[in-house]
Structures are given as structure tokens and as C-alpha cells.
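Visitor: After the C-alpha cells below, expect a handful of questions from me.
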Amino acid sequence: GFALAWLAPNSQNLLLRYSYHSDAQTYALDPGFPVDIPGGGAEALTVAKDSLGVVWIVYALNGRVLVAHSLGSDTDWTAPFQPPVPEGTTATLDDDAAVIALAGGKLGVFWSNQVTQKFYFAVHTDGASDLDRFAWRLEVAAAGPSVADDHFNLKLGTDGRLFVAVKTSTNTVGQPAVGLLVRSPAGAWSPLYPVANYEDGPTRPICLIDEVSRRVHVIYSSFMSDIYYKSSDLDAIAFPSAGAGSPLMVSGTNPGATGGLNDPTSTKQPVDPTIGILVLGSTSETNRYWHGWVTLPTP
């Protein structure tokens, strides 16, 4: 398993690699780690391993979308570079990027661009040259006024579909501030499926897939105070339209007040009724973590 350490703006990022010892049920840091990796000062950084065992990191820094990867060893890394795609890799200081391994020997980089008002997705063939523009294919995941914002979360289904929970930058009542995008294995993107509207204050969305019950769940903070979620059929996507959703963790504070709950996070793996959904939330004002469970019914 891998862990990333971000210390402070302009500081050195670190990659930590751990091995699991099943007898003791503990993780231990591998020899030679941590190692320095690029991206110091970035707001967010994600990691993924491709089909050839190459570890990739992706981040946005000073308005530039940047990637780097390991070179034969997890301790040796390339310098950061921008994907050689036709457009979109220069964005605002607020935009972010993420990486995910895809089926079929591919890797995907997803990012927001509030200059062009688009979400982009660049697909790289595993093992191909970093800077060969023919090794990358650019897709526009969504485009339109106020569609792009820097909050999103990616999950891959076993059927090859990619699910992306996104926040938009709308400030219009009745318009979706959180929605779901779905990419087919062939690279076709769905329209934005609305999840929660602007008036409900949704932010920091994540998504989770339950392929046993055939459900997709989108979890988000409401007014940075409470954690809510909505669910949909995995194969005929439509979320309940009314209200903020089902409460998962309620802080009891006024919307946006000090001590409220924000930044929900959960597992990267698919979920199912045997494990349910565990969600963590936090409040930076009181330096506390909360957790809540969603019990999934057996189909």
C-alpha cells in the first residue's frame, strides 16, 4: 500500500510504501521509504498504479496540470510534466487534478478547468512515451457555463465504466451543485446527472459503487456543516431530486458554523452489503474526526 505525505505549502512531498503482515495484522514501512516526490505546495495529490506496475501521481500547481511517475523502482521518479494534449492543461490556481488506473492497460487523468469551463480527461496507454502526443487521448467530460469546479472523486466499475462525482460552480437555485458523470469503456461521457442543488449547499462530493446491490452512492457535505448522501440504481441512474438527501452525520451546528462537518472521505474499493459504507468527516475548527456507517441491504 502507498501513502502520501503533504506537509505545508512549498514543502517536500513524500511517498511512503507499506507492506501488510497478516500474522500480526499490521503494516510496516518498507526499507528505503519515504522517498521525495514532486508536487510540493499542491492543494491535492492522488496516486495510482498502472497495469505495468508504474506508480503515477497527478496534481495541479500554479494553474498547471502536472504528472510524474516511477522509473523501474518506486524510489526513482521522473520530473513532473504536463500531458501533451491539445488544450486545457493551464487552468486557474483553484483547479485540481486526479489519476486513476483504467481497464485494458490504460491510465486516466481527470481535471477541472474554470478558465475554459470544462472537465477534461486524458487517457494514456501504459508503457507508451510520456511526451508522445499520440500516446495520450484527450476527452471533454463536461462543458458549459459554471460546470467546472475543483471538487471531484473517481471510481472505476468492474465493467469498465468510470463514475465521477463532481461539484459545479453554479450559484443558481434549482441547478445542480453536485452531480455524477459516467464514462463508458469506449470513452463516451454521459450528461451530468443531478444529485443535489445549489440551495442545499453541497460540496466535497465522493462516490462509492455497490455492484452487488447495483447501486451508486454520492456522499457530500451540506453547507460544510453536515454529511448527507443520495443513491441511485447503477444501471439506470437517477437520484432523488428533492432535498439535501439522507443525513449520515449531523453536527447540530448552524450551516457553515464553526464545528460543522466537512470533507467526507471513504474507501477507494467497491463496497457491498458485507462491509457497508464507512465514511469519515472532519472539522478543522475543533480538530476532530467523525465517522458514520451506512448499512447496505442484501439484495
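Visitor: Quick check on my filter: what residues within segment 46-62 are open to solvent by 40 Å² or more (accessible area, probe 1.4 Å) and among the aliphatic types (A, V, I, L, M)?
Guide: Passing the criteria: Leu52, Leu61.
Visitor: Is it the case that Val65 is within 21 Å of Phe134 (Cβ to Cβ), open to solvent by less than 30 Å² (accessible area, probe 1.4 Å) and touching a residue at least 12 places away in the same chain (Cβ under 8 Å)?
Guide: So Val65 passes the test.
Visitor: Of all residues in segment 93-115, which are more than 22 Å from Ser51 (Cα to Cα) and surrounded by fewer than 16 Cβ atoms within 10 Å (Cβ to Cβ)?
Guide: Once the filter is applied, which keeps residues that are more than 22 Å from Ser51 (Cα to Cα) and surrounded by fewer than 16 Cβ atoms within 10 Å (Cβ to Cβ), segment 93-115 yields Leu93, Asp94, Val115.
Visitor: State all residues of segment 151-193 that are charged (D, E, K, R) and in a strand (DSSP E or B); if no residue qualifies, say none.
Guide: The answer is Lys155, Lys167, Arg183.
Visitor: Are any residues in segment 207-224 under 28 Å from Glu285 (Cα atoms) and either touching a His at 6+ places or on another chain (Cβ under 9 Å) or buried (at least 23 other Cβ atoms within 10 Å of the Cβ) (or both), and if so, which ones?
Guide: Selection gives Cys207, Leu208, His217, Val218, Ile219, Tyr220, Ser221, Ser222.
Visitor: Can I ask one more? Limited to segment 68-91, what total is found for residues that are over 21 Å from Asp36 (Cβ atoms), surrounded by 16 or more Cβ atoms within 10 Å (Cβ to Cβ) and among the β-branched types (Val, Ile, Thr)?
Guide: Of the residues in that region, 2 qualify.
Visitor: In the list Val218, Val271, which residue meets the criterion of being free of Cβ contacts under 8 Å to residues at least 60 places away in the same chain and of a type outside the set (S, T, N, Q)?
Guide: Val218
Visitor: Still on this model: Give segment 169-191 a look and list any residue that's under 20 Å from Pro264 (Cβ atoms) and either among the acidic types (Asp, Glu) or open to solvent by 10 Å² or more (accessible area, probe 1.4 Å) (or both), or say none.
Guide: Ser169, Pro176
Visitor: From the list Ala148, Ala236, Ala196, pick out the single residue that is hydrophobic (A, V, I, L, M, F, W, C), assigned to a strand (DSSP E or B) and either at pLDDT 95 or above or surrounded by 15 or more Cβ atoms within 10 Å (Cβ to Cβ) (or both).
Guide: Result of the check over Ala148, Ala236, Ala196: Ala196.
Visitor: Go over the candidates Ala60, Ala48, Ala101, Ala68 one by one and state the one that is touching a Pro at 6+ places or on another chain (Cβ under 7 Å) and either part of a strand (DSSP E or B) or not β-branched (Val, Ile, Thr) (or both).
Guide: One residue alone meets the criteria, Ala68.
The values are calculated or read from the model by the stated rules, or taken from the named source; none is laboratory data. Here the structure is a predicted model, which is why all the values come from computation and not from measurement. As a convention, Cβ positions derive from the backbone with ideal geometry for all residues, glycine included, and neighbour counts pool all protein chains shown. Note: areas computed on protein heavy atoms with side chains; ligands, DNA, RNA excluded. Shrake-Rupley method; radii C 1.70, N 1.55, O 1.52, S 1.80 Å.
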